[in-house]
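S.K.: Following this message is one structure expressed as structure tokens.
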Amino acid sequence: MFDFTIDGRNVSVKEGTTILEAARSAGLHIPTLCYLKNVSSIGSCRLCVVEVEGTAGLVSSCNTLVKPGMVVHTNSDAITAARRTALQLIIADHGLNTTQYCFSCPKNGSCELQDRCRELGVETTPFDVKPAGGPILDSNPFIAFNPALCIRCQRCVGACNNAAGNHTLITGRRGVRTSILAPFGEDWKSTNCESCGNCAGACPTGAITMKRRRQYRSWEIQRVRTTCPHCATGC
Ligand code: FES
């Protein structure tokens, strides 16, 4: 254990703790989007940025380890401005300037991108970005992928690799044109995909969704604890 300072508080953490984990255990809120506990911490969305005294620029808290004596600030005008800019870039890529998906999106009301926009007061974007898009893949009877709604956070890839251990869902291309190669097209039967749905569960937007026999909104249903029907183990 060692001490560091976050928002003026002295906090003790174990070696190997990230700034985000330390902040959460101290009851502090830092917004995140691409981070998913034990699944993905690629640090791409930049919503979780914080200031570390003595470090130039802002650092992503989800994948930066706390060091002894570190002094961290999670809130300032510069941090809020950076988070808002990051979000504006993401929603531009999400097609908010060119299309109106939210009303018909199956994730409307339970979308983490909507939640972060509301939290940070972002309603529109000044950036004129042509969304990557691509054909909707929905040959798989259980899961569909709409690349126009994908924000390329890669949580689905982390879920497929680290949660399901399937390694079927991967990324293609690089940089700003990184795309998710989801196995839900016509050749879905020839892939290793077991339609477990971990990717849909990890997706923060409506890009990867489970097909439902009945359409509903999240507030119309009740979440209950049950046994996963994916395999015979019943864990
Ligand atoms: Fe840390 Fe996305 S949550 S960079």
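The values are calculated or read from the model by the stated rules, or taken from the named source; none is laboratory data. What you are looking at is a predicted structure, and each value in this text was computed from that prediction instead of being measured. We place every Cβ from the backbone using ideal geometry, glycine too, and count neighbours over all the protein chains shown. Accessible surface is based on the protein model in full, side chains and every heavy atom, while ligands, DNA and RNA are left aside. Shrake-Rupley method; radii C 1.70, N 1.55, O 1.52, S 1.80 Å.
S.K.: Quick one: count up the residues across the stretch 67-82 that are open to solvent by less than 10 Å² (accessible area, probe 1.4 Å) and touching a helix residue (DSSP H, G or I) at 6+ places or on another chain (Cβ under 9 Å).
M.R.: Final tally of qualifying residues: 2.
S.K.: For the stretch 117-132, give me each residue that is surrounded by 13 or more Cβ atoms within 10 Å (Cβ to Cβ) and either hydrophobic (A, V, I, L, M, F, W, C) or over 18 Å from the mean Cα position of the chain (by Cα) (or both).
M.R.: First, the residues of the stretch 117-132 that are surrounded by 13 or more Cβ atoms within 10 Å (Cβ to Cβ): 117, 119-120, 122, 125, 127, 129, 131-132.
Of everything in the stretch 117-132, those that are surrounded by 13 or more Cβ atoms within 10 Å (Cβ to Cβ) and either hydrophobic (A, V, I, L, M, F, W, C) or over 18 Å from the mean Cα position of the chain (by Cα) (or both) turn out to be Cys117, Leu120, Val122, Thr125, Phe127, Val129, Ala132.
S.K.: A further question on this structure: Looking only at the stretch 106-120, which residues are outside any loop (DSSP other than H, G, I, E, B) and either more than 26 Å from Glu220 (Cα to Cα) or of a type outside the set (Asp, Glu) (or both)?
M.R.: Within the stretch 106-120, Leu113, Gln114, Arg116, Cys117, Arg118, Leu120 meet the criteria.
S.K.: Against the conditions (1) touching a residue at least 24 places away in the same chain (Cβ under 8 Å); (2) open to solvent by less than 50 Å² (accessible area, probe 1.4 Å); (3) hydroxyl-bearing (Ser, Thr, Tyr), where does Ser60 fall short? Just the number, please.
M.R.: Result: Ser60 passes all but (1).
S.K.: I'm trying to understand the selection: among the residues of the stretch 41-63, which are more than 9 Å from the ligand (Cβ to nearest atom) and either part of a strand (DSSP E or B) or within 14 Å of Ala22 (Cα to Cα) (or both)? Let's see the steps before the verdict.
M.R.: Of all residues in the stretch 41-63, those more than 9 Å from the ligand (Cβ to nearest atom) come to 50-59.
Correct list: Val50, Glu51, Val52, Val59.
S.K.: Only residues that are among the polar types (S, T, N, Q) and near the ligand (Cβ under 8 Å from one of its atoms): list them for the stretch 15-40, please.
M.R.: Just the residues of the stretch 15-40 that are among the polar types (S, T, N, Q), to begin with: 17-18, 25, 32, 38, 40.
Result: Thr32, single match.
S.K.: Would you please list the contacts, defined by Cβ atoms under 7 Å and residues six or more apart or on different chains, that run from a residue in the stretch 170-187 that is over 21 Å from Ile91 (Cβ atoms) and touching a residue at least 24 places away in the same chain (Cβ under 8 Å) to a residue that is of a type in the set (Gly, Ala, Ser) and part of a loop (DSSP other than H, G, I, E, B)?
M.R.: Phe184/Ser139; Gly185/Ser139; Glu186/Ser139
Residues are listed down the side, and each one gets a yes or a no for (1) surrounded by fewer than 18 Cβ atoms within 10 Å (Cβ to Cβ); (2) farther than 27 Å from Val122 by Cα:
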| residue | (1), (2) |
| --- | --- |
| Glu15 | yes, yes |
| Arg24 | yes, no |
| Ser41 | no, no |
| Val49 | no, no |
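S.K.: Since Asn108 meets every condition but one in (1) surrounded by 18 or more Cβ atoms within 10 Å (Cβ to Cβ); (2) under 30 Å from Arg214 (Cβ atoms), which condition does it not meet?
M.R.: Of the numbered conditions (1) surrounded by 18 or more Cβ atoms within 10 Å (Cβ to Cβ); (2) under 30 Å from Arg214 (Cβ atoms), the odd one out for Asn108 is (1).
S.K.: Something else: Given the criteria outside any loop (DSSP other than H, G, I, E, B) and either away from the ligand (no atom under 16 Å from the Cβ) or touching a residue at least 40 places away in the same chain (Cβ under 8 Å) (or both), does Ala86 qualify?
M.R.: Numbers: outside any loop (DSSP other than H, G, I, E, B): yes; either away from the ligand (no atom under 16 Å from the Cβ) or touching a residue at least 40 places away in the same chain (Cβ under 8 Å) (or both): yes.
It is true that Ala86 is outside any loop (DSSP other than H, G, I, E, B) and either away from the ligand (no atom under 16 Å from the Cβ) or touching a residue at least 40 places away in the same chain (Cβ under 8 Å) (or both).
Quick grid of which residues meet (1) more than 30 Å from His29 (Cα to Cα); (2) outside any loop (DSSP other than H, G, I, E, B); (3) of a type in the set (Phe, Trp, Tyr):
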{"residue": "Val122", "(1), (2), (3)": "no, no, no"}
{"residue": "Thr125", "(1), (2), (3)": "no, no, no"}
{"residue": "Val176", "(1), (2), (3)": "no, yes, no"}
{"residue": "Glu194", "(1), (2), (3)": "yes, no, no"}
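S.K.: Please count how many residues of the stretch 178-190 are in a loop (DSSP other than H, G, I, E, B) and open to solvent by less than 40 Å² (accessible area, probe 1.4 Å). Reasoning before the result, please.
M.R.: So in the stretch 178-190, the residues in a loop (DSSP other than H, G, I, E, B) come out as 178, 182-187.
Next, only the ones that are open to solvent by less than 40 Å² (accessible area, probe 1.4 Å) stay: 178, 182-185.
So the answer is 5.
S.K.: I'd like to check something: does the stretch 154-172 contain any residue that is open to solvent by less than 20 Å² (accessible area, probe 1.4 Å), farther than 24 Å from Tyr35 by Cα and assigned to a loop (DSSP other than H, G, I, E, B)?
M.R.: no
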